[in-house]
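Visitor: Here's a structure for you.
The values are calculated or read from the model by the stated rules, or taken from the named source; none is laboratory data. Just so it is clear, the structure is predicted and the values come from calculations on it, not from any experiment. Here the Cβ positions follow ideal geometry from the backbone for every residue, glycine too, while neighbour counts run over all protein chains shown.
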Amino acid sequence: MRTLKTLLTAIKRGMDFEDARDALHALGPEAAAAILKEAGRADARVLPVLVMVLADTVYPPALPAMRQWLDHEDEEGVVGPAIYALNQATAAKLDVDAIYGHRRALAAAAEQLAARWDAGENHAPSEEAWLAAQLAKRRAAVEEVPPPDPDISAAERDSLRERLIRLNTTTREWALPRRHALDLAATRRALPIYESVVPGDRRLRDAIAAVAAFLAGELDEDALEAHEEPVRAALREADRIADYNKVYRRYRRPAFKAAAHAAQAVLYLVRLSSGSRLQPMHYSRYALAYSGAGFEAVEAELDWQLAEMDAS
């Protein structure tokens, strides 16, 4: 069984962020105090995942540290989770889901929450009440066994590594319009996965059409940005219904996680930024994997993406 010490070593050696996050949660809420202590002396390799784990459950003794982390230089890895945690501890909630990827909105939210905290607006429960609630959630999670994980295995993912490296290195220097065209083509192929789970929902379809119109010069940037929040809402809804079980590290409704991955692909697509390069393609494959299509289908999708890359 893994301990906090062995996990910290694994994280320093490059353990996947989400795998580390899940493994730290698996230590149970009783480990939160030790995780907070380690976060106080962690380096840049370790700190983001420790902050994320503490923020996930809004551990009350971590909130003063979260206030300090609002000023951290790592906006995405540290400031973002700190914003989430402090927002949960205030009465008037900000729409923090809408700020990720937007530096100005992130900075504004951090400033607002810092002011609220400094003014004494802290509505967090006691550590004892928090622990009792977390243990109750854990007992409920143990009792409800989710279905098998449809995602491809670690060994199967590793077998795709060389092809993924080629996809990344080949497109690295491409001009943005060329990249976006490839992302658009890949994301269109993931749309049926979403619509099979959420029939009649046009938010992703309309956003994809808007991106195509924007790239063709038929739509302005403001009209395109108007699709971002509806897609983000679709992502939140699908993720909520997917319902991740931290004990078994599986989703109770994996089809909705497939839908969430498709929505995430479209969200990256709508942003049309250099920072989201290849993410629509990656999340389109993740959607396929969680749909239960199997490794051969995911491999074939990557090969299709490579063929499209070579032909463009």
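Visitor: Criterion first (in a helix (DSSP H, G or I), of a type outside the set (S, T, N, Q) and either assigned by TED's automatic domain parsing to the domain that holds Val96 or closer than 27 Å to Pro146 by Cα (or both)) does Glu229 satisfy it?
Guide: It is false that Glu229 is in a helix (DSSP H, G or I), of a type outside the set (S, T, N, Q) and either assigned by TED's automatic domain parsing to the domain that holds Val96 or closer than 27 Å to Pro146 by Cα (or both).
Visitor: Something else about it: Taking the range 156-202 as the region of interest, how many residues are of a type in the set (Val, Ile, Thr), farther than 18 Å from Ala234 by Cα and surrounded by 12 or more Cβ atoms within 10 Å (Cβ to Cβ)? Please lay out each step first, then the result.
Guide: Kept after step one, since they are of a type in the set (Val, Ile, Thr), are these residues of the range 156-202: 165, 169-171, 187, 193, 197-198.
Okay, now just the ones that are also farther than 18 Å from Ala234 by Cα, so 165, 169-171.
Retained after the next criterion (residues that are surrounded by 12 or more Cβ atoms within 10 Å (Cβ to Cβ)): 170-171.
So the answer is 2.
Visitor: Another question, then. Under 7 Å between Cβ atoms, which residue pairs at least 6 apart in sequence (or on different chains) link something in the range 201-222 that is assigned by TED's automatic domain parsing to the domain that holds Ser284 with a partner that is exposed (fewer than 12 other Cβ atoms within 10 Å of the Cβ)?
Guide: From the range 201-222, the pairs are Leu215/Pro177.
Visitor: Have a look at Ser126, Ser159 and point out the one that is among the hydroxyl-bearing types (Ser, Thr, Tyr) and closer than 30 Å to Trp304 by Cα.
Guide: After ruling out the rest, the residue left standing is Ser159.
Visitor: Out of everything in the range 94-140 that is at pLDDT 85 or above and of a type in the set (D, E, K, R), what residue ends up being surrounded by the most Cβ atoms within 10 Å (Cβ to Cβ)?
Guide: Ranking the candidates gives Arg116 first.
Visitor: What residue, of Arg249, Arg236, Arg232, is more than 19 Å from Pro177 (Cα to Cα), touching a residue at least 24 places away in the same chain (Cβ under 8 Å), buried (at least 21 other Cβ atoms within 10 Å of the Cβ) and not β-branched (Val, Ile, Thr)?
Guide: Only one candidate passes the filter, namely Arg232.
Visitor: Quick one: which residue in Arg116, Arg103 is within 22 Å of Pro48 (Cα to Cα) and not polar (S, T, N, Q)?
Guide: Answer to the check: Arg103.
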